[in-house]
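Notes follow once the structure below has been shown.
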Amino acid sequence: MPSLHDNAPSTTRIRFARVEADRYDTHITRNLSSMRGQFVDEQAYRRLLAAGDALLYEVFEFKRPEVPGELLSGISVVHPGRVGDEYYMTKGHFHQVLETAEVYYCLSGRGMMVMETPEGEWSVKALEPGGILYVPPRWAHRSVNVGASEDLVTLFVYPAHAGHDYGTIERKGFRKLVVDRGNGPEVVDNPRWVS
Ligand code: PA5
Ligand code: NI
């Protein structure tokens, strides 16, 4: 990928065996301890944390100047696992510039994207290899790995000036959760959702 000040078209390659970008600028890791309050079953959360601070997901970012006209892209890897009956998931966010969209391309694994708008609409869409998901402006988004043992790997692209608003989701949560209560992935109401 190009460096921050390089304006020439460029490509990168993704190796599918262990999906891994040839080059990236930053590697973000999110462990269980950084997701406090995000999973509904707090007892299960505390129990799991006491057993070790598991790595839930990683993001490999390709940096560009964060200005209109530029695009940010990267690869998100959500590992398999659960906290209580809730699957491992990303924190999820609105874009700070609400009127900005995002495209996700699923490379491997099996997941769901949980989305909602400030106006109260919600949507949950499958993420399956080869699938392209368009997240329109105004929609908060969180990816959830519903696979039993495989990573959920997606490529994402969004306007570089979008920014992240994590605070709203940290306070309110998403309206919907994806859980496994013995019959595979199920979308249910979040009992702790704050209006
Ligand atoms: O921009 C995006 O939506 C993604 O790159 C996410 O940042 C990534 O999947 C990690 O999720 P979050 O930023 O909610 O922790
Ligand atoms: Ni986003």
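I'd like to verify a number: residues in region 127-157 that are away from ligand 1 (no atom under 13 Å from the Cβ) and among the polar types (S, T, N, Q), how many?
1
What single numbered condition from (1) at pLDDT below 95; (2) within 20 Å of Glu61 (Cα to Cα) fails to hold for Arg142?
It fails just one condition, (1).
Looking at Arg142 and the list (1) surrounded by fewer than 17 Cβ atoms within 10 Å (Cβ to Cβ); (2) of a type in the set (D, E, K, R); (3) in contact with a Lys or Arg (Cβ under 8 Å, 6 or more places away or on another chain), which single condition is not satisfied?
(1)
List the number of the failed condition for Arg30; all other conditions in (1) modelled with pLDDT of 95 or more; (2) closer than 19 Å to Tyr104 by Cβ; (3) more than 21 Å from the chain's Cα centre (by Cα) hold.
For Arg30, the failing item is (3).
A quick yes/no check of all residues on (1) more than 16 Å from ligand 2 (Cβ to nearest atom); (2) not in a loop (DSSP other than H, G, I, E, B):
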residue	(1), (2)
Thr154	no, yes
Ala162	no, no
Glu170	no, yes
Trp193	yes, no
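Are any residues in region 40-60 touching a Leu at 6+ places or on another chain (Cβ under 9 Å) and within 20 Å of Lys176 (Cβ to Cβ), and if so, which ones? If you could, list the steps in order and put the result at the bottom.
So in region 40-60, the residues touching a Leu at 6+ places or on another chain (Cβ under 9 Å) come out as 40, 45, 48-49, 52-57.
Within region 40-60, Val40, Tyr45, Leu56, Tyr57 meet the criteria.
Identify, please: which residue in region 61-87 is among the aliphatic types (A, V, I, L, M) and under 15 Å from Val178 (Cα atoms) and is, among those, surrounded by the most Cβ atoms within 10 Å (Cβ to Cβ)? Talk me through it step by step, then tell me what you get.
So in region 61-87, the residues among the aliphatic types (A, V, I, L, M) come out as 67, 71-72, 75, 77-78, 83.
Add one more test, that the residue is under 15 Å from Val178 (Cα atoms), and what stays is 78, 83.
On the way: Val78: 27, Val83: 24.
Across region 61-87, the extreme among qualifying residues is Val78.
How do the strands (runs of 3 or more DSSP E) wholly within region 55-150 filter down when requiring 2 or more residues that are aromatic (Phe, Trp, Tyr): which remain? Spell out the reasoning first.
Details: elements: 55-62, 71-78, 102-108, 111-116, 122-127, 132-135, 140-145.
In region 55-150, the matching strands (runs of 3 or more DSSP E) lie at 55-62, 102-108.
Within the bounds of region 185-194, is there any residue that is at pLDDT below 95, within 16 Å of ligand 1 (Cβ to nearest atom) and over 22 Å from Glu58 (Cβ atoms)?
No, region 185-194 contains no residue that is at pLDDT below 95, within 16 Å of ligand 1 (Cβ to nearest atom) and over 22 Å from Glu58 (Cβ atoms).
Which of (1) within 21 Å of Ser33 (Cα to Cα); (2) of a type in the set (Ser, Thr, Tyr); (3) crowded, with 17+ Cβ neighbours inside 10 Å does Thr168 not meet, given it meets every other one?
Status for Thr168: all satisfied but (3).
Which of the residues spanning region 75-124 are acidic (Asp, Glu) and out of contact with any His (no Cβ under 8 Å at 6 or more places or on another chain)?
Filtering region 75-124 down to residues acidic (Asp, Glu) leaves 85-86, 99, 102, 116, 119, 121.
Scanning region 75-124 gives Asp85, Glu86, Glu99, Glu116, Glu119, Glu121.
Looking only at residues that are surrounded by fewer than 13 Cβ atoms within 10 Å (Cβ to Cβ) and hydrophobic (A, V, I, L, M, F, W, C) in region 29-56, which one is nearest to His79 (Cα to Cα)?
Residue satisfying both the conditions and the ranking: Ala51.
Is it fair to say Ala140 is within 16 Å of ligand 2 (Cβ to nearest atom) and not hydroxyl-bearing (Ser, Thr, Tyr)?
Numbers: within 16 Å of ligand 2 (Cβ to nearest atom): yes; not hydroxyl-bearing (Ser, Thr, Tyr): yes.
When the stated conditions are applied, Ala140 passes them.
Does region 99-111 contain at least one residue that is at pLDDT 95 or above, within 16 Å of ligand 2 (Cβ to nearest atom) and in contact with a Ser or Thr (Cβ under 7 Å, 6 or more places away or on another chain)?
Within region 99-111 (the criterion being at pLDDT 95 or above, within 16 Å of ligand 2 (Cβ to nearest atom) and in contact with a Ser or Thr (Cβ under 7 Å, 6 or more places away or on another chain)), the answer is yes, since at least one residue qualifies.
When Thr168 is evaluated against the numbered criteria (1) in contact (Cβ under 8 Å) with a residue 40 or more places away in the chain; (2) closer than 13 Å to Asp85 by Cβ; (3) not small (Gly, Ala, Ser), which criterion, by number, is the only one it fails?
(2)
When Glu186 is evaluated against the numbered criteria (1) within 14 Å of the chain's Cα centre (by Cα); (2) without any contact (Cβ under 8 Å) to a residue 60 or more places away in the chain, which criterion, by number, is the only one it fails?
(1)
The values are calculated or read from the model by the stated rules, or taken from the named source; none is laboratory data. What you see is a predicted model; the values in this text were computed from it and never measured. As a convention, Cβ positions derive from the backbone with ideal geometry for all residues, glycine included, and neighbour counts pool all protein chains shown.
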